[in-house]
1. Using a 1.4 Å probe on the protein heavy atoms, what percent of the accessible area of the chain belongs to carbon and sulfur?
2. Under a plain spin-label model, where a point goes 7 Å from the Cα along Cα-to-Cβ, how far apart in nm are Phe94 and Trp138?
3. Among 69-80, 144-155, how do they line up from the highest to the lowest mean number of other beta-carbon atoms within 10 Å?
4. How would Trp159, Trp14, Trp36, Trp138 rank on accessible area, largest to smallest, probe 1.4 Å?
5. For Tyr104 and Lys43, compute 0.36 nm times the residue count separating them, minus their Cα-Cα distance, and round to one decimal in nm.
6. Quick one: check the C-alpha center-to-center distance for the range 103-142 versus the range 58-74, whole angstrom.
7. Counting each pair of different Cα atoms once, what's the Kirkwood radius of the chain in Å, rounded to one decimal?
8. Calculate how steeply helix 103-118 sits against the longest principal axis of the alpha-carbon atoms of the chain, using the helix alpha-carbon long axis, and give the answer as 0 to 90 degrees to the nearest 10.
Amino acid sequence: MDTIDVGLLIIRSWVGLAILAHGVNHARSLDGTASWFESIGFKSAKLQAINSAIVEIGAGLLIVLGLGTSLAAAGIFATMFVAFWTVHRANGFFLFRPGEGYEYVATLALVSLGLAIAGPGGASLDSALDIADLLDGWIGALIVGGGLVGALGLLTIYWKPETTS
């Protein structure tokens, strides 16, 4: 294992654990998460809370393991894009700003895109199964692009924020 593999393992582990913890938090308080989703304009808020928890837990585990890395990265990217668009973009860059800025969600989204392009590294199940090269590079970027399309579809169908007249 070379230094690049170690670096990718560290990045994957941290991003994966952060997303996993976020998903577990959503799962442990589904009603609270659903109420909050509803308050920011999501329809079928309970369904969105369940989906969010599943995607975050699943993608977090897969990224840590380096299994289906580009697919997991697409899930993280999509989730963070939805968070960016619905909550954080209007609050500026910095997380400490009122309403929380987008630095955290943008960082997780872009690191996930980078992992999809770079691949998971040698210390991964993708590498052990000899499938890493099938899903990284421009193919990985396209897979994450598919996640973005999914996020835009979710926003179009389920996000209906109240507008002020």
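1. Working: 6160 of 8930 Å².
Within the chain, the accessible surface is 69 percent carbon and sulfur.
2. 4.1
3. Working: 69-80: 27.4, 144-155: 17.4.
Per-residue mean Cβ counts within 10 Å order the peptides as 69-80, 144-155.
4. Trp138, Trp14, Trp36, Trp159
5. Between Tyr104 and Lys43, full extension yields an extra 19.5 nm.
6. One Cα centre to the other: 8 Å.
7. Working: mean 1/r = 0.0620 Å⁻¹.
That comes to 16.1 Å for the chain.
8. The two axes meet at around 30 degrees.
The values are calculated or read from the model by the stated rules, or taken from the named source; none is laboratory data. The model shown is predicted, which means the values in this text are computed figures rather than measured ones. In this analysis, Cβ positions are derived from the backbone assuming ideal geometry, glycine residues included, and neighbour counts consider all displayed protein chains. With ligands, DNA and RNA removed, areas are computed over all heavy atoms of the protein, side chains included. Shrake-Rupley method; radii C 1.70, N 1.55, O 1.52, S 1.80 Å.
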